[in-house]
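Each reported figure results from applying straightforward, stated rules to the coordinates on display, with no laboratory input. Note that the structure is a prediction, hence the values are computed from the model and not measured. All Cβ positions, even for glycine, are placed from backbone atoms using ideal geometry, and neighbour counts span all protein chains on display.
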Amino acid sequence: MRVKSSATIERPIAVTGTAWRGTALAGLGVLGFSVTLPATEFALRGFDPSLVGVGRAAVAGAIALLCLLAAGGPVLPPRRHLHLYTVIALGIVFGFPVLTGLALALGANSAHGAVVVGLLPAATAVLAVLRAGERQGPLFWTACAAGAASITAFTLYRGGGHFTGADLLLFAAMLAAAAGYTEGGRLSKETPGWRVVSYALVVSLPVTVPVTVVLSLTTEITPSAPAVAGFAYVSVVSMFLAFIPWYAGLGLGGIARAGQIQLGQPILTLAWSWLLLALPIGWETVAGALAVLVCVAVTQRSRA
C-alpha cells in the first residue's frame, strides 16, 4: 500500500515538471519568432520578397546540414516519416516565409501582420484536434468563431471595407505555419526538436538552393546594413534556431498546452515594431490584438 501511494504522489510532480519545461522552451521559440516580421521588413529594403522567403530557407538548410553531419547519424529523416517532413517543409520552409514576405511587400506592415497571424495558436490547436482525433466542447468552437470574427472585422476596417491581397496572403501563411507546427510537434515527441527542423530544412535543399541561385541572379539586390541584418536574422534565428526550443517545447508539454505561450507573440511583435521601426500603433491594432489573445486563450483553456 505504501509503495502504491508513493507512485501515485510522484506521477503528477513529474508531469508538472515536464510541462513546465515544455512551456519554457516554447517561450524561447516564441521570443525568436516575434522579431520575424520586423526583421523581414528590414530584409525587404534590399532583397526581393521571393528571395527573402526562399533564400532564408536555403541558408538555414545549409546550417542544419552541417549540424546533422557534426552530430553524426542520418542526415535524412526516416522514410516512413518523409511525407510528414514534406508537410512541415511546405508549411514552415516555403509557405509561411514566402507568403508573409509577399504580404509585407504588398503593403501590410509588421504590426498589421502580427494581429492577423495572431490566430495561429488557434489554427494550430484546431489542426492538432483534427490530426489527433480529439473532441472539443462548444466553448472551444465558439471562441474560435469569435476569434475569426474579430480578425475579419479588423481586416475589413483596415482595408476600407474589403479584404486586401496582403490580408489573404497572411491568412494563407497562418494556415501553412499551423500545419507545419502540428506535424512538427507530433514528430518531436519521438525525435529531438533540432532534428525535426533540421530534417525539414535538409529535405527542402534540392528546391531552395537552385531557386535561391536563380533569384539571386534575376532579381534586384541593393544590400545595406539593415537589409543584410534582417535577412541574417530570419535565416539563422527565425528559420532555424527558434524552431529548436519551439518543437522541443511542443514535444514535452503538448501542442495545446505549450502552444499557449504563443498567445503573447502578437504583443511582442507590436513592441518590436515600435522599437525597431518606430511604427505607430493605432488603437484598432491594439484592440484587434487583445481580442485575438482573449479568443485564443479561451480555445486553449477549453481543450478537453
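Annotations for the structure displayed:
- Point-charge dipole on Cβ atoms (K/R +1, D/E -1) for the chain, about Cα centre, debye to 20: 1180 debye
- Using the average count of surrounding beta-carbon atoms within 10 Å as a protection proxy, the listed peptides 145-152, 56-63, 246-253 rank, highest first, as 246-253, 56-63, 145-152.
- For segment 179-187, Karplus couplings with θ = phi - 60° (6.51, -1.76, 1.60), whole Hz, Gly/Pro x: 5, x, 5, 5, 5, x, x, 5, 5
- Cα lying deepest toward the dipole's positive end in the chain, options Y85, A227, G95, charges on Cβ: Y85
- Phi angles of segment 221-232 translate, via the Karplus equation with coefficients 6.51, -1.76, 1.60 and θ = phi - 60°, into HN-Hα couplings of 10, 10, x, 9, 4, x, 5, 5, 5, x, 5, 5 Hz per residue; Gly and Pro are given as x.
- Residue-wise HN-Hα couplings along segment 282-291, as the Karplus relation 6.51 cos²θ - 1.76 cosθ + 1.60 with θ = phi - 60° gives them from phi, are x, 5, 5, 5, 5, 5, x, 5, 5, 5 Hz; Gly and Pro carry x.
- For the pair A232 and A24 in one chain, pulling the backbone fully straight at 0.36 nm per residue adds 72.4 nm over the alpha carbon distance.
- Relative counts (whole %) of C-alpha pair distances in segment 30-301, using bins that are 5 Å wide: 1, 6, 13, 18, 19, 17, 13, 8, 3, 1, 0, 0
- Close amide-amide hydrogen proximity is noted between L279 and W274, each under 5 Å apart and 5 or more residues distant or on a separate chain (H modeled in the peptide plane; Pro and chain starts excluded).
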